[in-house]
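Below is one structure, written out as structure tokens, with a few remarks after it.
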Amino acid sequence: MEIRAATVLPARREPIELHTADGQTLVGELALPLDRPPLATLVTFHPLPTHGGFMDSHVFKKAANRLPALADLAVLRFNTRGTSSERGTSSGTFDGGEGERFDVAAALEYAEYHDLPHVWAVGWSFGTELTLKWARDPLVEGAILLSPPLHRATDEDLDAWTEFGRPLVALVPEFDDYLRPDEARRRFARVPQAEVIGVDGAKHLWVGEPYVRIVLDQIVRRVNPAAAPLPVEA
């Protein structure tokens, strides 16, 4: 069976709730391999909710639909404060990336409490800002950034990630609306362990199955290299 945009492969999919230190309840889902423990974990942070971003933003939805089966990964998705999806609405209100620090902490605490292995943070657009600013936690083994705008995240945040010392991979579309590969390489040069990968032809939202495949394959190459490259059939 060819893997297509709408393909949903077998997995254990569990609705979850995250509880933040400032009293919010966030709704989400944890997808796990069907009949074996995960080898590693993706904790995902979605694009800007005021511009349509949520836990079901298509790259993360497809990661949850495919990677538990294809790469033995756990995929944790959730709605940040005030964000809605089919799963429901997280309490609270959007706070421009500041109050969301508690959302990031709650997701990582959930992963730690449930003994999810080898946690990587994966942010997309606004989610990359949350990752750079708030995901510098000892639990996190590395981070993958999709379309980082480097708007809310500053050079000081990049310097802090340098000190944190964990791997940092940025996938930057050739035609991104906010930060393109050459400028991204210049900005991320202050992080010695950062790798910037320009993706020819891609745009900020990674629309199109070929670009989704590139993103998922690059994620798996870092998090579970033995499963890369991902198959095109299942």
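Of all beta bridges that DSSP places with both ends in region 14-158, some 45 percent have antiparallel geometry. Solvent exposure of region 2-122, expressed per residue, is 40 Å² of accessible area, with all protein chains present and a 1.4 angstrom probe.
Summary: within the chain, the longest segment free of GluC sites (Glu not before Pro) located in DSSP loops with at most 14 other C-beta atoms within 10 Å is 1-85. Basic side chains Lys and Arg get +1 at the Cβ, acidic Asp and Glu get -1 at the Cβ, and with that the dipole of region 1-128 about its Cα centre reaches some 480 debye. Projecting the Cα atoms of Leu230, Val104, Leu132 onto the charge dipole of region 83-234 (Cβ charges, centred on the Cα centre) puts Leu230 farthest toward the positive pole.
Listed values for region 138-147 are Karplus-derived 3J(HN,Hα) couplings in whole Hz (6.51 cos²θ - 1.76 cosθ + 1.60, θ = phi - 60°), namely x, 5, 7, 8, x, 9, 10, 10, 9, 6, and x replaces Gly and Pro. The residues of region 134-200 expose, per residue, 48 Å² of accessible area to a 1.4 Å probe. Here the simple spin-label model places points 7 Å from the Cα toward Cβ, and for Glu17 and Glu156 these points are separated by 3.6 nm. Restricting the chymotrypsin sites (Phe, Trp or Tyr not before Pro) of region 176-211 to loop positions (DSSP other than H, G, I, E, B) with no more than 16 neighbouring Cβ atoms within 10 Å leaves Tyr178. In the chain, the portion of solvent-accessible area held by carbon and sulfur atoms comes to 52 percent [1.4 Å probe, whole percent, DNA, RNA and ligands not counted]. With a ≥ b ≥ c the root eigenvalues of the C-alpha gyration tensor of the chain, is it rounded (a/c under 1.5), prolate (a/b larger than b/c) or oblate? Cα axes put the chain in the rounded bin.
For Lys203, a cut-off of 23 angstrom between C-alpha atoms picks up these lysines, skipping any fewer than 8 places away in its own chain: Lys61, Lys62.
Loop-only trypsin sites (Lys or Arg not before Pro) in region 177-225, please: DSSP not H, G, I, E or B, and at most 12 other Cβ atoms within 10 Å. Passing both the DSSP loop test and the Cβ count: Arg190.
Using 0.36 nm per residue and subtracting the Cα-Cα separation, the extra length available between Val8 and Ile197 on full extension is 65.3 nm. Each part gets one Cα centre, and for region 111-145 versus region 41-88 those centres are 13 Å apart.
Can you compute the helix-only [θ] at 222 nm over the chain? Use -39500 (n - 2.57) per DSSP H run of at least 4 residues, normalise by all residues, nearest 500 deg cm²/dmol.
Per the formula, -9000 deg cm²/dmol.
The values are calculated or read from the model by the stated rules, or taken from the named source; none is laboratory data. Keep in mind it's a predicted model, so treat the numbers as computed, not measured. Methodologically, a virtual Cβ is constructed for each residue, glycine included, from the backbone with ideal geometry; neighbour enumeration extends over all protein chains shown. For accessibility, only protein heavy atoms count, side chains too; no ligands or nucleic acids. Shrake-Rupley method; radii C 1.70, N 1.55, O 1.52, S 1.80 Å.
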